[in-house]
Amino acid sequence: MNRIYLATALLCSALAPLLSSCDKKSGADPKPALEGRWRADSLHYVSYSASHTAITSGRLLTNPGTTLTIDATTFTDNGSLQGTTTAPYSYTRNGNLLMLTYPQSSVQRQLTINDLTDKRLQLGYIQPTSSGGEHIEFEIFYSR
């Protein structure tokens, strides 16, 4: 009988290190930071009719040096959204939605964060082309 207790005690002491964890992780993994400097890699677009039928689509590689710089309150585009460097937009973030306000105006543009990792950012936005419902949907791919 003592052998059974001894064997059980030895087995438990041998398994104890495997069942305990040295990792002191508290809470969930931190979310990747949106803030920083991003290099624009490509832009994909689909042009739609008013009935939401795709008319044209394409993929454009961006010019080298095209970047996006985001800090806690501003969003500065160097070529990727407008073709030229813009004054910093102010922005607010609500989940995966970014609301940009153009400098010195109240005009706003909504962007959607479609993907965000430490090394990759994918932003999408819709550009109306007429009051009849035609529009272009853009996705811009960034890396760092």
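Only the coordinates and a few stated rules stand behind these numbers; no lab work does. Since the structure is predicted, the reported quantities are computational estimates derived from the model, not experimental observations. Because the Cβ atoms are built from the backbone with ideal geometry, glycine has one as well, and the counts that use them run over all protein chains shown.
Based on the alpha carbon coordinates of the stretch 36-143, what radius of gyration and maximum Cα-Cα distance (Dmax) apply, in Å?
My reading of the Cα-based Rg and Dmax gives 14.0, 39 Å.
Roughly how many Å is it from the Cα centre of the stretch 97-115 to that of the stretch 31-79, as a whole number?
Rounded to whole Å, the Cα centres lie 12 Å apart.
Fully extended, how many nm does the chain gain between Leu116 and Asp71 (0.36 nm per residue separation, minus their Cα-Cα distance)?
14.7 nm
Hey, rough spin-label estimate for Ile136 and Met99, points 7 angstrom out along Cα→Cβ, what's it come to in nanometres?
Result for the modelled spin labels: 2.6 nm.
So how much slack lies between Ala33 and Thr92, counting 0.36 nm per residue of separation and subtracting their Cα-Cα distance, in nm?
Length gained between Ala33 and Thr92: 19.8 nm.
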